[in-house]
Amino acid sequence: MKKVILKGLIGLSLSELAYAADNATLDEVIVTATRTPQQQESVIADVSVITAEEIKRGGQSSLIELLQRQPGIEINNNGGAGKTSGIFMRGTNTGHTLVLIDGVRVQSATAGTTTFENIPIQQIDRIEIVRGPLTSLYGQDAIGGVIQIFTKKGVDGFNPYANLGFGAYDTTLAEAGLRGKHNDTAYAVNVSANKTNGFSALDTRNPNLNDNDGYRNLAVTGSLSHTIVEGHEVGLTLMHSKGRTRYDNRFNIDATSPAFNPAFSDHADIEQHTYSLFSKNQITSNWHSTLRISQGFDESVNYAALGPFTSESRSLFRTKQDQLNWQNDITLPVGVLTLMYDKLEDKVNSTTAYNNTKRTNEGYVASYVANIGAHTIQASAREDHNSSFGNNVTGGLGYGYNINNAWRITGSYGSAFKAPTFNDLFFPDSFGFATSNPNLKPEKSDNVEASLRYRDDTSSASLTAYENKIRDLIILDSAFVPANLNKAKIRGVTLAASQRWESLDIGGSIDIQSPRDDTTDNMLVRRANRHGQFNLGYTVQDWRFGTELVTSSARYNDSANTLRMGGYTIFNMTAQYKIHRDWTVQARANNIFDKNYRLALDGNPATTGFAYNTPGANLFVNIRYEPK
C-alpha cells in the first residue's frame, strides 16, 4: 500500500512539473545578487528567498534540511543533527558555495567549507540564495553560488517572542528574543538552545558504535543600529553559536587496536562567531558609502579515543577571518556604478603544525547595474591579490529583457575561482613525505546560463539552463599529494514554479543535471542526475496544513562510482493552529513513511565501512508566543 501511495504522489509531483520554491512576492527586494537592493523581478541571476514564515514552520529542521527544499541544492550529512554536513549547489563541490552571515564570511580555512550543522535556524530571519558564479562580486569560493543568511534585526515597536518545542529522539528546543525600535535606534537580541539525544551516526549493530550520538547547541545573535541624521547610520551585529556533537569512530571498535576504548564517546566541540561594525553614509545625493569591519570565527575541537589507558586525543582547528569592506554606490544618470575594496585575512591556529598559518587577500571591484526600459544590464569585474597564490581576475556579464509585464528572458556569463585550503597548501609532512603542495593554483570555472521566467500577482515559473566548466580541480596525485589535475563539466536544467490561490498554495522544483568528471566521465561524488522537491499548503480559518516531498535519484559515494547510494523520496507534513492572536501551536512530522535512505557512507559497507544513518519517522511539536 505504501508503494502505491508513494508512486502515485511521485507521479503527481512530476506531472505538475513540481511547482516551485520561489516564495518571494512581486515587490521582494534582493541584495545578494548585485550587492545593491534590487526588485526581484529585475534581477538577472537565478535567486530564491526563504522567508521568516517558512523558517518558523521548519520546526526542529537543520539548516541544510531547510536548504534542501530549494531549487538546485542537494545535501550530505554524516549521521544526524550536529554531524558534518554540506550542500552541493548546481552539482558543484561543498566548498564551492560562499556562505555569508549578515555579510560576513564564516568558514574553515583548513577544510574550506562552512559548518552548516552548527548554525541554528532559530536565529535566522531570512535567507537569500543566488545560484551561479559570483566571485566577481564576492571574491573566492563562489563557483556554485552564494547563500546569505540574515539574522533577526530590530523592527518598529517593542516585539518580544518565545518558542518552546519537544520532539522525537528526546529533542527539546527553546528560543526567546526581543526586537524593537525607539526613535532612531533599532535593537534585537535573540537566544536559542536545543538538545537532542539523536541516534547512532553509523548504521551498525556493533555495540561499541550503536549508541545515540546526541547534539546540543546554545546560540545568541544581536544587533544595534542608530541613525545619526537622515542618510547616516552606524551599527553592529553579532552571532555566536556553540555546540557539542557526539559521533561514531569506526576505528574504535577493534579490541585488538591500540586505540580501542569502548568506554570513551568520541565527540567534538564546535563554535562559530561573527562580529561586524558598519557605517552607512549618504555622502552626496548620488554617492552612498558602506564601510564594514568584521570577523568570522570557526573552531572545531575533536576528542577521540586514544587507547584504554589514555582518555582522549585532542585536535584543534581554528580559523579567524578578519574582513574589511568599503563599498561605494554611485547613482549615474543611467544605472548604478559600484566601486569596492575588499580585504580578507585568514589566520589558522591548530594543534597541527601547519607550514604557514596566515594569508591575505585584497580585492578590487567595479560593477554596473542598469534598468533601461524593458532591458536590464549587469557587468562586474574583480581583481584579487592573494599572498599565497598570486593574482586572479574574474568577471560577469548579464542581460535581461522583459517581453511583457509577465514574461522575461535572461542570459549571463561568469568566471569564478575557489582558493586552495590550508590543508591543501600547508599541511605538514608526514614521516618525511609531503602531504600538501604550496604551489597549487585556485580551482577556476566559467559558467553560462539562460532562463525564461513568468511572474504575476499569484504565480511564477522559470526554466533555467546552465553549463559550468571547472578546471584545475584539486585531487590527490599518485603520491597522495594535492595537485591541480582534474576537470569537471556540469550541465543542468532547473524547472521551478509556484501558484497561490485564496487558501491554497503549491510549489516545487525539478533539477536535471549531469555533474561529471571530465576525465573519467564518472558522476561527481554524492551528486544525483535528478532531484526535486514539492510543497503544498492549505489554510482554513485559524488552521494551516502543509505537505512536502523531497526526492533524489541514485548517487555514488566514491569517484570511481563503485559505492552506490540508492535514490529516495521522503514525505513531511506540517500543521499550524492559531490558538489566539498571539499564540500558535505548530507540529511537523518528518519522513512519515519511515524511509531508510543514505546521504553519505564511511568507507565500504560491504567490507569494513558503514553507512551513515538518516532520521526515521519523527514528530516535533512547538508552541510560539509572538504578540501582534
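The values are calculated or read from the model by the stated rules, or taken from the named source; none is laboratory data. Fair warning: this is a prediction, and the values are worked out from it, not measured in the lab. Note that each Cβ is placed from the backbone with ideal geometry, even for glycine, and that neighbours are counted across all protein chains shown. The accessibility values were calculated without ligands, DNA or RNA, using every heavy atom of the protein model including side chains. Shrake-Rupley method; radii C 1.70, N 1.55, O 1.52, S 1.80 Å.
The figure for Lys343 is an accessible area of roughly 70 square angstrom, using a 1.4 Å probe on the protein chains alone.
Out of every Cα-Cα pair that the chain contains, those further apart than 40 angstrom amount to 26 percent. Shape annotation for segment 96-155: C-alpha extents along the principal axes are 33, 23, 15 Å, from largest to smallest. Distance from the alpha carbon centroid of segment 413-462 to that of segment 103-135 works out to 14 angstrom. Magnitude of the charge dipole for segment 386-536, about its Cα centre and with charges confined to Cβ atoms of Lys, Arg (+1) and Asp, Glu (-1), is about 200 debye. In order along segment 362-372, the phi-based Karplus estimate (6.51 cos²θ - 1.76 cosθ + 1.60, θ = phi - 60°) of 3J(HN,Hα) comes to 10, x, 10, 10, 10, 9, 9, 10, 9, 10, 10 Hz; Gly and Pro are listed as x. The Cα atoms of segment 480-573 define a convex hull whose projected area, averaged across directions, is 8.3 nm².
Rank Thr519, Leu549, Thr204 by how far each Cα sits towards the positive end of the charge dipole of the chain (+1 on Lys, Arg Cβ; -1 on Asp, Glu Cβ) and give me just the farthest. Most positive-ward Cα: Thr204. Which lysines, if any, have their Cα less than 20 Å from the Cα of Lys358, not counting same-chain residues under 8 positions apart? Within the straight-line limit of under 20 Å, Lys358 reaches these lysines: Lys320, Lys343, Lys347, Lys418, Lys441. For the chain, the Cβ-based charge dipole about the Cα centre amounts to some 700 debye (Lys, Arg positive; Asp, Glu negative; other atoms uncharged). Calculated [222 nm] ellipticity per residue, helices only, for the chain: -1500 deg cm²/dmol; basis is -39500 (n - 2.57) per DSSP H run with n ≥ 4, divided by all residues, nearest 500. Projected onto planes of every orientation and averaged, the convex hull of the alpha-carbon atoms in segment 570-628 covers 5.4 nm². What fraction, in whole percent, of alpha-carbon pairs in segment 173-232 exceed 15 Å separation? Result for the distance tail: 66 percent. Loop-resident trypsin sites (Lys or Arg not before Pro) (DSSP state other than H, G, I, E or B) in segment 550-590 with no more than 16 further Cβ atoms inside 10 Å of their Cβ: Arg581. Based on alpha carbons, the Rg and Dmax found for segment 373-491 are 20.2, 67 Å. Once the Kirkwood radius over Cα pairs is known for segment 297-384, the Stokes-Einstein relation at 10 °C and 1.306 mPa s delivers a diffusion coefficient of 94 µm²/s. Loop-located chymotrypsin sites (Phe, Trp or Tyr not before Pro) across segment 308-359 with a Cβ neighbour count of 14 or fewer within 10 Å are Phe309, with loop assigned by DSSP.
Taking every alpha-carbon pair in segment 396-444 and binning the separations at 5 Å intervals from zero gives 5, 16, 14, 11, 8, 8, 7, 7, 7, 6, 5, 3, 2, 0 percent.
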